[in-house]
Amino acid sequence: MDKLVIAGGYPLHGEITVSGAKNAALPIICAALLAETPLKLSSVPALRDVSTTYQLLKHMGVEVSADASGNVALDASEITSHEAPYEMVKTMRASILVLGPLLARFGHARVSLPGGCAIGSRPVDLHIKGLKAMGAEIHIEHGYIEASAAHLPNKRLQGARIFMDLVTVTGTENLMMAATLADGTTVLENAAREPEVLDMAECLIKMGARIEGAGTDVITVHGVERLQGASHQIVCDRIEAGTYMVAAAMTAGRVKLHNARADLLDAVIEKLREAGAVVEHDANSITVTGSKELRSVNIRTAPHPAFPTDMQAQFMALNTIAQGTGRVIETIFENRFMHVQEMQRLGANIEVEGNTAVVRGVEFLDGATVMATDLRASASLVLAGLVARGETTIERIYHLDRGYERLEEKLTALGAHVRRVH
Ligand code: EPZ
């Protein structure tokens with residue numbers, strides 16, 4: 001297993017370019033299943049989860065032609081299988097995103113139930129409840145979701161009014177995709193407002209879908225007969241950007257991020273300024289100047305546009321070396337404090353009480369060997385390693401490779417002393 005070895009204490013300076021958003025690319029790649037002609041995407045990040053999704057679609061008969069600069073053409077004109085097998089789904093939960101498109105276009109889908117993961121049980125009951133509301137017959141047996149619309153007129157899902165009693169990002173995306181080819185109008189209430197949901201809607205509209213309200217909590221979809229391919233550029237990754245912004249703040253450096261949109265990061269920018277970092281931006285770049293006297297901040301995660309859960313671990317890292325005490329409240333996932341024990345190994349002073357972590361800033365962290373448990377926890381350990389005295393070794397960094405494109409290359413370009421050990 002690869003490890004990352006970081007020598008701490010070097011402020012980050014320079015400029016890097018943010019990649020396309022993982023959490024927009026994954027659902028939009030799955031949306032290719034809805035189209036009868038090729039969907040062309042650009043700015044697709046070169047990530048393990050993206051190649052896993054390509055493998056899954058190829059397994060179904062989709063022709064995938066991807067180049068080395070983030071362009072891909074996905075041709076789903078000849079689908080040969082409607083199944084997402086366990087072996088593939090167990091490595092990436094987002095595979096659940098083929099359920100809606102397969103059911104909408106072919107009237108049948110057999111998708112392995114995604115397992116839980118380190119941060120929580122991650123149920124998909126709201127995905128299933130919504131599809132049932134659209135007339136689908138769904139049984140769960142032998143760990144698979146068996147879904148069918150064969151009993152419906154023309155084997156087509158029916159438009160429905162669906163209230164989601166929890167805000168679910170991929171649930172909203174799955175149901176929005178299913179609704180594009182349904183007979184009639186679907187209204188999704190309490191829909192997720194994440195920018196990646198809006199990016200998917202913009203792509204679906206280019207493919208011929210009729211969608212209103214994406215980006216708000218009520219999304220209306222008027223079903224159409226068929227969708228065609230289109231060309232779409234994946235929106236920039238606000239979480240990757242946020243991660244490097246925190247790195248600049250914590251190392252008291254100055255970093256300019258290209259292909260970064262401040263309008264997607266209001267809550268994060270607000271908190272960075274509250275901590276004492278200077279944040280400047282124009283339409284598609286953000287510059288962060290850090291400080292050696294950062295102040296602790298209180299964080300409470302919630303659905304967009306509130307503070308994103310995917311940035312919680314990164315701000316926990318900031319609080320470990322900031323002045324004062326910061327309270328971090330995680331309201332989205334039931335177990336997203338896996339990074340705490342690892343940070344304590346670096347000398348952090350953190351006490352967890354239920355879904356609240358109380359972080360008392362310390363003078364410095366001391367490098368040690370730590371273990372990554374999930375994607376954003378791994379990122380927070382990299383941030384801690386950048387400021388810790390001495391060397392920090394992070395094990396199991398395959399988690400990082402799932403969500404950060406060319407991480408050590410970008411960090412090294414900013415002056416960090418990072419190396420990957422095979
Ligand atoms: C998406 O996961 C993201 N993944 C996650 O990013 C992100 O943390 C999460 O949204 C929240 O913003 C992708 O987009 C691929 P949810 P998702 O459904 O859709 C509960 C990362 O680091 N829930 O919005 O799986 C659920 O348990 C990853 O990039 C149900 O109870 O999250 C959670 O408590 C991690 N039943 C809450 O809702 C359901 O049917 C929000 O989950 C669905 C969800």
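The values are calculated or read from the model by the stated rules, or taken from the named source; none is laboratory data. The model shown is predicted, which means the values in this text are computed figures rather than measured ones. So basically every Cβ, Gly included, is an ideal-geometry build from the backbone, and we count neighbours across all protein chains shown. SASA here: full protein model, heavy atoms, side chains in, ligands and nucleic acids out. Shrake-Rupley method; radii C 1.70, N 1.55, O 1.52, S 1.80 Å.
Brief remarks on what is shown
- Qualifying residues in segment 333-349 (those that are closer than 14 Å to residue 312 by Cα and of a type in the set (A, V, I, L, M)) - the one modelled with the lowest pLDDT: 338
- Helices (runs of 4 or more DSSP H) wholly inside segment 361-417 that include at least 2 residues being within 16 Å of the ligand (Cβ to nearest atom) and over 16 Å from the mean Cα position of the chain (by Cα): 375-387
This table checks each residue for (1) open to solvent by 50 Å² or more (accessible area, probe 1.4 Å); (2) on the phi > 0 side of the Ramachandran plot.
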site	(1), (2)
3	yes, no
6	no, no
19	no, no
55	yes, no
61	no, yes
67	yes, no
80	yes, no
83	yes, no
91	yes, no
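- Checklist (1) within 12 Å of the ligand (Cβ to nearest atom); (2) over 15 Å from the mean Cα position of the chain (by Cα) applied to residue 45, failing item: (2)
- Looking across 334, 353, one residue alone is touching a strand residue (DSSP E or B) at 6+ places or on another chain (Cβ under 6 Å), open to solvent by 60 Å² or more (accessible area, probe 1.4 Å) and more than 18 Å from residue 248 (Cβ to Cβ). It is 334.
- Selection status of residue 40, part of a strand (DSSP E or B), more than 16 Å from the ligand (Cβ to nearest atom) and among the charged types (D, E, K, R): yes
- Selected residue [within 16 Å of the ligand (Cβ to nearest atom), among the basic types (Lys, Arg) and open to solvent by 60 Å² or more (accessible area, probe 1.4 Å)] from 295, 254, 300: 300
- Considering the conditions (1) of a type outside the set (Gly, Ala, Ser); (2) more than 30 Å from residue 387 (Cβ to Cβ); (3) open to solvent by 10 Å² or more (accessible area, probe 1.4 Å); (4) within 16 Å of the ligand (Cβ to nearest atom), residue 238 is excluded by exactly one of them, (2).
- Pairs are defined by a Cβ separation below 6 Å, a sequence spacing of at least 6 or placement on different chains, a first member in segment 133-147 that is on the phi > 0 side of the Ramachandran plot, and a second member that is open to solvent by 40 Å² or more (accessible area, probe 1.4 Å); the pairs so defined are 135/158; 143/113.
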